[in-house]
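J.: Can you read through this structure? Questions will come right after.
Bear in mind these aren't lab numbers, they're just calculated from the coordinates by the rules spelled out. Everything numeric in this text was worked out from a predicted model, so none of it was measured. Neighbour counts are summed over all protein chains in view; Cβ atoms, including those assigned to glycine, are modelled from backbone coordinates with ideal geometry.
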Amino acid sequence: MVVEDGAGLATANSYVSENDFGTYCDDRGITPATGDAEAALVRATQWIDNTYRNRFPGHRVNGRVQALEWPRGYAYDAFGYAVEDNGVPAEIVQATCEAALRELTETGSLAPDLDRGGQIRELQAGSVRVVYGTNATAQTFFQIIDGILARLLGAKSQYTSKAVRG
């Protein structure tokens with residue numbers, strides 16, 4: 001596992017070290033499921049980038065050479081504060097830890113394959129019956145992760161433009 005150190009490494013595959021993950025869990029009184037924490041952190045990092053990359057503010061500091069989405073340049077949070085361009089924001093670290101907790105509990109739970117796209121119309125097992133509405137999404141929302149990232153995802157651009165008719 002290669003942890004991003006803020007330089008925009010070409011070989012990084014995790015935002016969080018196993019030790020930092022342990023500290024995160026200890027601080028919150030969480031005992032993670034047993035398993036390969038490093039692999040869970042790598043999968044969690046990949047899921048964070050794949051799921052949120054189009055909503056992250058700014059751009060990668062080293063462009064396509066950089067393996068992960070962070071660090072980013074010209075990034076501002078939802079309150080207009082600049083996000084450091086030589087590190088990984090605390091929100092990304094925390095969200096990665098939460099995602100890794102889910103991956104340790106059930107490998108592949110973050111991005112499961114969905115049978116027929118997950119659009120189940122009706123399912124019955126004994127007396128239990130589930131029917132999804134026609135507009136129901138076929139994915140799971142991880143509210144704690146969305147909440148942690150909200151400050152970054154709601155970021156405003158420092159650049160604005162105004163169209164003027166002449």
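J.: Once the Cβ-Cβ distance between Ser127 and Glu106 is put in as r, and R0 is 35 Å, what FRET efficiency do you end up with, to the nearest 0.05? Could you put the intermediate results ahead of the total?
T.: Numbers: r = 26 Å, r/R0 = 0.76.
With a Förster radius of 35 Å, E is 0.85.
J.: Taking each pair of distinct Cα atoms in segment 1-90 once, what is the resulting Kirkwood hydrodynamic radius in Å?
T.: On the way: mean 1/r = 0.0721 Å⁻¹.
For segment 1-90, the Kirkwood estimate is 13.9 Å.
J.: Among 25-35, 85-95, 55-65, 40-50, what's the highest-first ranking by average C-beta atoms within 10 angstrom per residue?
T.: The peptides rank, most packed first, as 40-50, 85-95, 55-65, 25-35.
J.: Calculate the FRET efficiency for Glu18 and Glu84 from the Cβ-Cβ distance with a Förster distance of 25 Å, rounded to the nearest 0.05. Before the final figure, lay out each step's value.
T.: On the way: r = 23 Å, r/R0 = 0.93.
Using R0 = 25 Å, I get an efficiency of 0.60.
J.: Ordered by packing density, taken as the mean number of other Cβ atoms within 10 Å over each peptide's residues, highest first, how do 69-79, 97-107 rank?
T.: Working: 69-79: 19.0, 97-107: 20.7.
Descending packing order for the listed peptides: 97-107, 69-79.
J.: For Gln94, what charge total do you get from the other residues with a beta carbon under 13 Å from its beta carbon, if Lys and Arg give +1 and Asp and Glu give -1? Before the final figure, lay out each step's value.
T.: On the way: positive: Arg28, Arg151; negative: Asp20, Asp27, Glu91, Glu98, Asp146.
Charge balance near Gln94 sits at -3.
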